[in-house]
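Working notes for the structure below.
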Amino acid sequence: MAIITLWLNDFRCFPEAFIEPDPQGLTVLRGPNGSGKTSVLEAVGWLATQRSLRGASRDVLVRNGASRAIVRAETMTATRRVLIEAELPATGTARVQVNRQPVRRRAELAEALRVTVFSPDDLHLVQDGPAGRREYLDEVLVDQHPRFELLTSDVDRVLRQRASVLRQAGNRLDADIVATLDVWDDRLASAGSELAEARCTLVAELAPLVSEAYGNLAGSPQPVTLSYRRSWDGDLGEALGQRRSEDLRRQVTSVGPHRDELDISVGPGPARTHASQGEQRCVALALRLATHELRRRHTDEPPVLLLDDVFSELDARRSASLVEQLPAGQVLLTTAVDPPPMVTPDRVVEVAGGHLSSVADRR
């Protein structure tokens, strides 16, 4: 899977620009801070996921003074060429097409373009609370199979409905409230248990890949371990029943997949509290590299790897280790300075002032 050509119109700082990355190797986007390098990766990420890799709202993706942004890419999969087109209005609903046909489900985009993204913000996967780690797991699940998109949406919907009932109850428990909660508890027990089981299976697949990637990056014998920790014991339906009085008092659902945790340890201690920032950054990058490898194994076609300003966060030894680990397939990498000497890009694109220019082929 590769991007053949990417066009940008009124996206972020780009009035109009296009790029032709090397389809099989490493393309380096080089330019000073604020020049728009990350915005190029953000445009690619938006086409693949319909979300900003920086968590930005859609209105800020539209260039100042413009009413809409257009992002188009021609991609090559194992079987065909695909045209992806997205119109992002400053207000209103975005429109996405694949080969001129409207996209209705994320899975349709995944067939045309998959990406794995690493950015400096990924440190939150290790340092922050469990919500980001749960979201990370669910993103990988949805990327693996369309049915997980429906499952995660179903769990979110049931949780919202149950929370609404808890608020309406006002800490009272009459027959109507009991009957309504019974319905939503049954649905949450079913969908929530299925989601938790899928996450457990995923963590078991990821764990050895993360540990291997971390060992190669950090040059450390300390293993990285991943484990999925549920917020309940035994049957989820029974746990919801046992916590019903407390949930009514607090007006929140206190157990379920939305309360679970992905525990990450380096050596004997939790990475969040016991690892140095350099080690934590290696863990975050190892998570993304492991995800990339897992996606390749599931699809037999590597996603496009997007590495944002990665060398500014790694020392020389770890940078060299990352270069050695770069997987086969298309890689887009941004840097504000010349890449380390061990990096031999297949193509270099200069980014400055909202323009892409001086495309040089290094092969």
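Every read-out reported here was derived from the displayed coordinates using simple, explicitly stated rules and does not represent laboratory data. Note that the structure is a prediction, hence the values are computed from the model and not measured. FYI the Cβ positions are ideal-geometry reconstructions off the backbone, even for glycines, and counts take in every protein chain you see.
What the table below lists for this structure:
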quantity	calculated
Square roots of five times the Cα gyration tensor eigenvalues for the stretch 132-253, Å	36, 15, 11
Dipole moment magnitude, nearest 20 debye, the stretch 137-191 about Cα centre, only Lys, Arg, Asp, Glu C-beta charged	220 debye
Length released on extending from ARG81 to ARG317, taking residue separation times 0.36 nm less the Cα-Cα span	81.1 nm
Translational D in µm²/s for the stretch 228-347 (Stokes-Einstein at 10 °C, 1.306 mPa s, Kirkwood Rh from C-alpha pairs)	89 µm²/s
Value of [θ]222 nm, deg cm²/dmol, for the chain, DSSP H segments ≥ 4, -39500 (n - 2.57) each, nearest 500	-14000 deg cm²/dmol
Relative contact order (%) - the chain, alpha-carbon pairs under 8 angstrom, separation at least six	26 percent
More than 27 angstrom apart: percent of Cα pairs within the stretch 1-142	21 percent
Span-like helix ranges in the chain, DSSP H, alpha carbon extent 24 angstrom or more, Kyte mean at least -0.5	146-169, 175-218
Size-normalised alpha-carbon gyration radius of the chain, reference 2.2 N^0.38 Å	1.08
Sequence-separation-based contact order of the stretch 11-131, relative, with Cα cut under 8 Å and 6+ spacing, percent	21 percent
Protection proxy ranking of 42-51, 19-28, 213-222 - average other beta-carbon atoms within 10 Å, highest first	42-51, 19-28, 213-222
Loop-located trypsin sites (Lys or Arg not before Pro) in the stretch 53-138, at most 13 other Cβ atoms within 10 Å (DSSP)	ARG80, ARG100, ARG104, ARG105
